[in-house]
Amino acid sequence: MNRPSKLKMAAIHAGLMLTCMATLYPVLWVVKMALSPSDSLTLTVNPFPESITLEHFREVLLGTDASGRWLFGRQLLSSLVVSGATTLVGLALAVSAAYALSRFRFPGKEGGMQTLLITQMFPATLMLVPIYSILEKLHLLDSLTGLVLVYATTALPFCIWNLKGYFDTLPRELEEAAVMDGASPAQVFIKVVLPLARPALAVTALFSFMTAWNEFILAATLLNDPTRFTLPVALQRYVGEYKVEWGKFAAGALVISAPVMALFFALQKHLVGGLTAGGVKG
Amino acid sequence: MKRLLALVLLATAWSAQAAGDAAAPLKLWHAYRGGEETAIIQVTQLFTAKTGVPVELLAVPYNAYADKLTNGIPHGAGPDVFIFNHERLRNFHAQHLLAPASKLARGDYFPNALEALEVDGQVYGYPMSLKSLALYVNTKLVPTPPTTTAELLAMLPALSDEKAGRFGFAYENGDFYFHAPFLFGFGGELFDASGKATFNTEGMARSLAFVKKLQDDRFIPQEITGALVKSLFNDGRVAMIISGPWFAGEVAPSVDYRVVALPTVSETGIPLKPFLGVEAAYVSSQSKQAEQAQALARFLSLGEASLVRTTVGRQIPADVAAYQLQAVKDDVLISSFREAAKNATPMPNTLEMLRVWEPMKLALRAVLQGGTEPQDAGALADRRYRALHRERPPDASPLPWLGLVGVMAVGGTVWVMRRPAPTLPFKRRYPDVALAATYLAPASAGILVLVFIPFVVGLSLSLFHYEPGQYSFVGLANFIDILASRGYSISEPLSFYFTLAVTLLWALVNVVLHVSIGLFLALLLKDPLLKLKGVYRVLLIIPWAVPNYITALMWKGMFHQQFGAINGLLVALGMEPVSWFTKFSTAFAANVATNTWLGFPFMMVVALGALQSIPQELYEAAEVDGASKWTQFRHITLPLLRPAMLPAVILGSVWTFNMFNIIYLVSGGEPGGGTDILVSEAFRWAFQRNQQYGFAAAYSVLIFVVLLAWSSFTKRLMRASSEVMG
Amino acid sequence: MSEVILSGIKKSFGQNLIVKGVDLQVREGEFLVMVGPSGCGKTTLLRLIAGLEQVDSGEVKIGGARVNDVPPRDRDVAMVFQSYALYPHMTVRENLAFGLTLRKFPEAEITSRVQEVAGMLELSHLLDRKPKALSGGQRQRVAMGRAIVRRPKVFLFDEPLSNLDTALRVQMRGELARLHRRLSATMIYVTHDQVEAMTLATRVAVFNGGILQQVGPPLELYNRPANRFVAGFLGSPAMNFLEAKREGSGFTGKGFTLPCPVDVPADAGKVLVGLRPQDLRVAAQGPLAGTVDAVERLGFDGYAFLSTEAGPVAARFEKGTNVTVGDKVSLAPVADSLHVFTEDGARALRHPVDRDSLEVAS
Ligand SMILES: Nc1ncnc2c1ncn2[C@@H]1O[C@H](COP(=O)(O)OP(=O)(O)O)[C@@H](O)[C@H]1O
Ligand SMILES: [Mg+2]
């Protein structure tokens, strides 16, 4: 590699900065709305707030209900529980299924993979009614468990695809070496395969987490207890029949996005390698 | 010892009694915010104090409220009492969600409020508050409010100065709810004698011509939204607006205003008659404590409750007695709205009313955005109405279908059995079957129950026709209607084929943009000597982390014609501002821009990973061979990226194909449904056009078929590319 | 008891029969090398012994017990993979200890064994590194160490040296030989490199196309190849084959006549005459003649590659002989050096008398 010229570097930086600005502009707007004293949709070109108040954040974060319970705290907890459990359940199910699809030969394997993709093709809006009935049969209405199960399974097809793709790229010989070293199938899986698949696990976990973290229609439909609402449900409360409380909505949106952004930040090293495509060795 | 025992006994006795006495709490659902929520909380506390019956409140996000009710109540998971506007009454009634208001005394309420809640002579729900439109006037700018349209028109030129961003008048003129007063004021009718909707009327044309002229004369702004009305009024840049009681809480303290009834149309002598909306407390048909639930609902609508709701919640009470109270009498705002509501027509709670909205909106926007003359708009609306209004197709016999399923099952079994016996025993061919089964079982069970069964149910719904409360089997009628493009010519927006073409174009353009931008950025970021790489990368994946409904709302605002950032930028660059949602091309472009912003980070990350997997030696070898950068890109990067990018591209295309949020929230299908894609069309049929679930399901099945074809095509692509790779 | 007995082993993948019925006995403590061209099924056979693949038919016995249905971990064999297959997420120490940990060895035992093996393979200073931070040779030693710590009955090696450079390969070859002496375990070693086969093996098994061609001590295979394939596969440069017909007291072929050894039956008819290049000298006069296409000088002597009427032929020349490309030269075989095979090469008809002093090809 010969040293690139200063000019080229400058051009690259300029290009990237421009894209970053375009990327950040709408986000700055949300920040502006969250920090502006008014509660309305501000329609101006300037993405920086003219005056700053933390009032919206205060209301979003510190609001209490009639009986003085700190709602945000409970809803955050509920969100964390639901998303965390979804991630765990989803990952556990996806990891084992993906491993089987990647490593074992069995009839109907191709068909199974196709089916997974196919489930992604049916618009989700129409699934609400049947899902509700099924959860009722399972006595899982108004329970976080039911929500977790639905989220985990709806995220499964993508998770399985991604993990299977990654497992496919892991050299089989490592597993065979472990078998020769005396590992049982479960040990091979836990001690060799899983540690090796860390990047893909991280990304897949992030996806399951996001699925659960951002969803609100199902959560709002299923849950009947405001202290167990997940944060997006709480956020949607600012969108009323006649008006939207934009300032609070924006503040809430930022609060909700923050953990996901933090996760992205923490996992960004894995992100590149952990998506199926990234794992494919050329 | 004895004392302790006695204490324990006492305690158990007390708790047993408490458990026996304490009535199970009544569940009350609402979607209130702010003052209204405070009021409802206080009111229920009053009720509990009076009757000893505890009430459990649940505030539901409005967006999910109706779904929650229609799903919850039939499954016994709903509330005892819920508060909702009367617009959906007929729908709820058809689904048997409502119990008649048994403790209701007609004399307690205004007659037009009761009328709104009546179905077949029976009143459902206790009317709580009235919602209707009135004129808010900035008293600094307009000391004496206009009482006729002639007066209004006379005032407007002095109050308006478009260049300075000042307007005499503003209201959400693209929304039929706000146009209805004009329609009625100009003598228009919504329904003919037989109760069917009519559009092509004299009043329609005249009212449209009137509002169009207001806009053409620049007395009112362009593309008005609620947010715009609010910010203009609060900034003192608009003198008069039309809005409802809910707006009072939004007016900035610095603005002096008063509320008056809407003016009378000078030509006809009829006042501008807004719709009357009635918010009522309904008792669920499934309530286990019907008596107490009725008592609660009644309590909410009358007396002390009314007073609290008026003073704290700023509602316009629907009970007559409330207006005798001094506190209410003194309240100028409340009594002005009461005055305004006297002219109001109760919005019909019929199913036919629900069919009016979309054609009306189409006509309104067609006129306001130009291109359609007011007198032609009625016909336009009428056509849309007839296309959307589907008579229930004749019932079909499910027998042939059951037969078909049977034959398929038998055929499948025979096919499996008759396949040439494999040379190796099963156990040999698949030594790991048992292990595979254990690994797969949990995921398969989950997917089967929560993904696959709903999916099959969804598929089979497409053979049914749904009218609130009942499904009837109609065979392929839904598909025939869609594929024969009933109501539209093939090349017209909203015909299946047009929507399909838009959808394909949408998916194609998006995927191409996502991939090329993602790849371009990945190539920039790949440079090993680049500084700040990590920072750029983090900033560039931010859009991925933002929930996409938030993204969509942001972008929608940015594309506003007069106040949006995009046009601001265009103007700053010396270009003409663009009215984004009035033309197909620009509306489509706006959707694409939003979705591109949302989608490129995923492709960028995938491309970064894929680029990393290309061995550096290949480039060095090419360099030695004297290949130019472009040649290297063409002959090394692209072919080697292909197998790594392809799965992501396929997945991306499926996601884009079904990317409902963006279309729905950014362009909303404007103009006239032209930018709707198949999923948003399915959504409209399911949730906005009288819950035609069957028809929506048929759309979904067609979407599914298209994607299936696409995926088998891409499977071939994948196979080809993996052959390339050996 | 750690002999390995394969009888009638067959294995196919899909429609392709890869191992076509192999019978082979590997004796206890033996260093058996399997050679054969790439793709002939050596790895597959090794994996069948390891239990990583299931035989379609036939029987695998280890230490006298039939193990067809015994899972790999209970067969007490260790395998060193061509790619080493070191666990990238574990340090060298963990890599070495993994098999013992899984078998629940006591901590102290594990430590001492790992120490011992690390010492033996000069890995002691690398124990805390991850495989990524090791050189090729070091990785190779870790891979061997991982097999050795477990002290299995049988070692399986799949081309363990093929990824190393020549110098390292020679060094590791020596170490392997030492290791075998020291552990005196049964070792089965797969390679496609005949030099490894000749130098390491107690016995060599030559495979081609999924069929065992011949088994025996290296020199026996070199001196008495059972068929044309074995003859051609072992020895470098490869043996020359000349088509000939027995006529009177000689073999006649295109442009040559060679004296026929007495032990070839008179009715042999058409045959294939095999002559190792080492047994064919560039000389002033001889029964074969050809044009020199290429010359390989190895210092002390060298080889000339010629085209003759009977086809390409390699021959040896001594230091001091002047051979240049384009020369027409004559070739003379050394006395009693003819191998004779049936016309199709399937069977040897005679070999020269053993000459133990004969050097093995370098
Ligand atoms: N798992 C497998 N599936 C299908 N074919 C295989 C498999 N393993 C090996 N083969 C085929 O078997 C043949 C022999 O392979 P291998 O035993 O690896 O040869 P060698 O080690 O002698 O080079 C090759 O043609 C290879 O393509
Ligand atoms: Mg091999």
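The values are calculated or read from the model by the stated rules, or taken from the named source; none is laboratory data. Since we're looking at a predicted model, the values are computed, not measured. Virtual Cβ from ideal backbone geometry, glycine too; neighbours counted across all protein chains shown. The accessibility values were calculated without ligands, DNA or RNA, using every heavy atom of the protein model including side chains. Shrake-Rupley method; radii C 1.70, N 1.55, O 1.52, S 1.80 Å.
Quick notes on this structure:
- The stretch C:77-122 versus the stretch B:143-167: alpha-carbon centroid distance in Å: 90
- Proximity of backbone amide H atoms, modeled 1.01 Å from N, is registered between C:Phe251 and C:Leu258, C:Cys260 at under 5 Å, excluding neighbours fewer than 5 places apart on the same chain.
- Under-5 Å amide H pairs with B:Met128, H placed in peptide plane, nonlocal only: B:Glu279, B:Ala280, B:Ala281
- Reachable aspartates and glutamates, given that their alpha-carbon falls under 17 Å from the alpha-carbon of A:Lys269 and they are not under 8 places away in the same chain: B:Asp527
- Under 5 Å between amide hydrogens, built in the peptide plane, is the criterion, and for B:Asp527 it picks out nothing among residues at least 5 positions away or on other chains.
- Averaged over the residues of peptide B:521-531, the number of Cβ atoms from other protein chains lying within 10 Å of each residue's Cβ is 3.
- Ordered from largest to smallest accessible area (heavy atoms of protein chains, 1.4 Å probe), the residues B:Leu141, B:Leu440, C:Leu242 come out as B:Leu141, B:Leu440, C:Leu242.
- The B-A contact accounts for roughly 10600 square angstrom of buried accessible surface, both chains included, probe 1.4 angstrom.
- Given a 1.4 Å probe and the protein chains as shown, B:Leu504 ends up with an accessible area of around 80 Å².
- Close Lys pairs in the stretch C:238-361, defined as Cα atoms under 26 Å apart and 8 or more places apart or on different chains, number 6.
- For the segment B:600-606, counting C-beta atoms of other chains within 10 Å of every residue's C-beta and taking the mean gives 4.
- Take each residue of peptide A:240-251, count the partner chain Cβ atoms within 10 Å of its Cβ, and average: the result is 5.
- Computed E for C:Phe300/C:Thr166 - FRET, C-beta separation, R0 25 angstrom, nearest 0.05: 0.80
- With one equal scatterer per alpha carbon and no solvent term, the Debye-computed log10 I(q)/I(0) for the protein assembly as shown at 0.05, 0.08, 0.09 1/Å reads -0.54, -1.05, -1.24.
- R0 of 35 Å, Cβ-Cβ distance B:Lys213-A:Glu50: FRET efficiency to nearest 0.05: 0.45
- Gyration tensor analysis over the Cα atoms of the stretch C:204-362 returns equivalent ellipsoid semi-axes of 24, 20, 14 Å (largest first, whole Å).
- Carbon plus sulfur fraction of accessible area for the stretch A:64-277, probe 1.4 Å, in percent: 67
- Local electrostatic count at A:Arg69 - Lys and Arg +1, Asp and Glu -1, tallied over other residues with Cβ under 14 Å: -1
- Between the beta carbons of B:Lys50 and B:Lys140, assuming R0 = 56 Å, the FRET efficiency works out to 0.80 to the nearest 0.05.
- Entries in B:Lys196/B:Lys342; A:Lys164/B:Lys715; A:Lys6/B:Lys526; B:Lys526/C:Lys132 that, when Cα-Cα distance is taken, lie over 18 Å: B:Lys196/B:Lys342; B:Lys526/C:Lys132
- When A and C come together, around 1700 square angstrom of accessible surface is lost from both chains combined, probe 1.4 Å.
- Structure-based [θ]222 nm, chain A - -39500 (n - 2.57) summed over DSSP H runs of at least 4, per residue, nearest 500: -22000 deg cm²/dmol
- Within chain C, helix-based [θ] at 222 nm, where runs of 4 or more DSSP H residues each add -39,500 (n - 2.57), nearest 500: -7000 deg cm²/dmol
- Using a Gaussian network model of chain A in which every pair of alpha carbons under 10 angstrom is joined by a spring, one finds that among A:Ala85, A:Ala100, A:Ala212 the greatest mean-square fluctuation is at A:Ala100.
- Chain B - share of DSSP beta bridges that are antiparallel (%, nearest 5): 70
- With the whole protein complex present, A:Met261 retains an accessible surface near 50 Å², based on a 1.4 Å probe.
- Surface accessible to a 1.4 Å probe, B:Lys273 within the full protein complex, Å²: 70
- The phi-based Karplus calculation (6.51 cos²θ - 1.76 cosθ + 1.60; θ = phi - 60°) puts the 3J(HN,Hα) values of the stretch B:398-405 at x, 4, x, 6, 4, x, 4, 4 Hz, whole numbers, x for Gly and Pro.
- Exceeding the 23 Å Cα-Cα cut-off - candidates B:Lys533/C:Lys130; B:Lys27/B:Lys131; B:Lys361/B:Lys583: B:Lys533/C:Lys130; B:Lys27/B:Lys131
- Estimated translational diffusion coefficient (Stokes-Einstein, Kirkwood radius over Cα pairs, 10 °C, 1.306 mPa s) of chain B: 53 µm² per second.
- On Cα atoms only, tilt of C:166-183 relative to the major axis of chain C in degrees: 60
- Across A:Gln120, A:Gln75, A:Gln236, mean-square fluctuation computed from a Gaussian network of chain A (C-alpha pairs under 10 Å connected) peaks at A:Gln120.
- Note on chain B: with neighbouring protein chains present and a 1.4 Å probe, carbon and sulfur make up 63 percent of its accessible heavy-atom surface.
- Label-to-label distance, nm, for residues given as C:Asn68 and B:Lys533 (7 Å Cα→Cβ offset): 5.6
- Residues of type lysines that C:Lys10 reaches as a straight line, Cα spacing below 30 Å, ignoring anything fewer than 8 places off in the same chain: A:Lys109, B:Lys427, C:Lys20, C:Lys42, C:Lys61, C:Lys153
- The distance between label points at C:Ala133 and B:Val512 comes to 5.1 nm (points 7 Å beyond Cα on the Cα→Cβ vector).
- Length gained on full extension, B:Asp192 to B:Ile453, computed as 0.36 nm times the residue gap minus the Cα-Cα distance: 89.5 nm.
- Rounded, prolate or oblate (a/c below 1.5 giving rounded, otherwise prolate when a/b exceeds b/c) for the stretch B:176-284 by Cα gyration tensor: oblate
- Cα-based helix-to-principal-axis angle, B:62-72 vs chain B, degrees rounded to 10: 80
- CD proxy at 222 nm, helix term only [per DSSP H run n ≥ 4: -39500 (n - 2.57); per residue of chain B; nearest 500]: -17000 deg cm²/dmol
- Rounded to the nearest Hz, the phi-derived 3J(HN,Hα) couplings of the stretch C:65-70 under the Karplus curve 6.51 cos²θ - 1.76 cosθ + 1.60 (θ = phi - 60°) are 9, 6, 10, 2, 10, 8, where x marks glycine and proline.
- Rounded to the nearest Hz, the phi-derived 3J(HN,Hα) couplings of the stretch B:269-277 under the Karplus curve 6.51 cos²θ - 1.76 cosθ + 1.60 (θ = phi - 60°) are x, 9, x, 5, 9, x, 6, 9, x, where x marks glycine and proline.
- For the stretch A:64-277: Kirkwood Rh in Å [reciprocal of mean 1/r, alpha carbons]: 19.0
- Separation of the stretch B:505-545 from the stretch A:42-95 is 28 Å, based on Cα centroids.
- Net charge over other residues, Cβ less than 15 angstrom from the Cβ of C:Val70 (K, R count +1; D, E count -1): +1
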